[in-house]
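Colleague: Below is one structure. I have some questions about it.
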Amino acid sequence: MPDINVGGLRYYVEDTGTGIPLVLLHGFTGSTQSWQHLIPELSKSCRVIAIDLPGHGRTDTPAEPQRFAFMRVIDDLAAVARELAIEGAILAGYSMGGRVALAMAHEHPSLVAGMILESASPGLAAPSARAERRRHDAELADSILRDGIPDFVAKWEKLPLWASQALLPQEVLARQRAIRLANSPHGLAESLRGMGTGSQPSYWEQLPQVCDPTLLLAGALDVKFAHIATGMHAALPNAVLEIFPDAGHAVHLECPQHYLKLVSQFLNDVQRNEFHELKEEGA
C-alpha cells in the first residue's frame, strides 16, 4: 500500500485483508508495529488498516509544530480515510489512539461505523486540569529533546502504568522496547505537545451524542483507566464494557487471545446488526 500524502505530510499505512474496514490506531511511543502480533488473525475476517500517527513509526515527523495539533491530525486522518475509501470503518484505538478514534467519531461521524476504545479517555473536563497536563507534557517533551530517546524509554518503561507487564515473555518486552526506540525525539516531543490529553477538547459532554456501537476495553490492574471506561460506559448510548481482570493498560498486548475474541465478536455483531442484543446481554 503506497503512503498517503495529506497537505504535504506523508502518512504510512498498512492495508491488508478484505471485508469490513478495521482501522488500528496505536498509542504514544507505538506504531503500526504495535499491532503486528494481531494483524494476521484480524485480517482473516476483515480489512485491516494500520496507520502510523505523526511523529511515530514511518509517518513523517513534520518540522512545523502546528501539524501535530490534535484537531489537525483528526482532519488529516479523515482525509486518509477518504483516500482509502473506508467510510463506515470500525476504529480500534489504544490509549492516545483511543482518544483519536473518539474524536474522529464525533468530528467525522459519516466515516465511522463503530469504535473499539482500549484504555482510552474522552479528555479532561476541567480547563485547569487541561492546562496542568499541558505543562507536564511540555516538561516531558523538553526532557526527551534534551536527554534523547534511550534515556526517555528507560524511564518510561519504569512507570507504574506498565507494572502489569513484568511477567510478559522477554521477547514481547524486547519488541515493545524496539518499537519505542525507533521513534525520534522531535516526533515524540511534538506529539506530546500537540496531541497530549491536555491539548485535546473534552468530549465528556458530547458522549451521549456519539451513537456508534462501542466496545470499551480496560484492564482491572489499570485502576485509573478502568474507572474512566466505566464512566464512559454510563454515558455512551450504545456501548459494551469489558474489564480484563488480569491486565493493565495494554490489554491487546497482555491478553492478545482474549482481545482477538472480543474484537471478532464485536465485528460480527456490528455486521449482523446484533449489537443492541449484545449490549442488552452485557448490561
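Laboratory data are not the source of any read-out in this text; all were calculated from the coordinates shown. For clarity, every value in this text was computed on a predicted model and none was experimentally measured. Cβ atoms come from the backbone with ideal geometry, glycine included; neighbour counts cover every protein chain shown.
Colleague: Within 10 Å of each residue's Cβ, count the other Cβ atoms and sort T230, T29, T214 from fewest upward.
Modeller: T230, T29, T214
Colleague: To continue, here is another question. For the stretch 1-25 and the stretch 194-240, compute the distance between their C-alpha centroids and round to whole Å.
Modeller: Between the Cα centre of the stretch 1-25 and that of the stretch 194-240, the gap is 25 Å.
Colleague: Going by C-beta contacts inside 10 Å, put E190, E254 in order with the fewest on the left. Numbers along the way, then the final one.
Modeller: Numbers: E190 25, E254 22.
Placing the least packed residue first, the sequence is E254, E190.
Colleague: Another question about this same structure. Of all the Cα-Cα pairs you can form in the stretch 4-282, what percent are over 31 Å apart?
Modeller: 20 percent
Colleague: Need the list of aspartates and glutamates near K155 for cross-linking: C-alpha distance under 13 angstrom, and skip anything on the same chain fewer than eight residues off.
Modeller: Qualifying aspartates and glutamates at Cα under 13 Å: D147.
Colleague: Over 10 Å intervals from 0, what percent of Cα-Cα pairs in the stretch 79-120 sits in each interval?
Modeller: 34, 56, 10
Colleague: In square nanometres and to one decimal, what's the mean projected area of the convex hull around the Cα atoms of the stretch 54-124?
Modeller: Averaged projected area of the stretch 54-124's Cα convex hull equals 5.0 nm².
Colleague: Taking each pair of distinct Cα atoms in the stretch 3-119 once, what is the resulting Kirkwood hydrodynamic radius in Å?
Modeller: That comes to 13.9 Å for the stretch 3-119.
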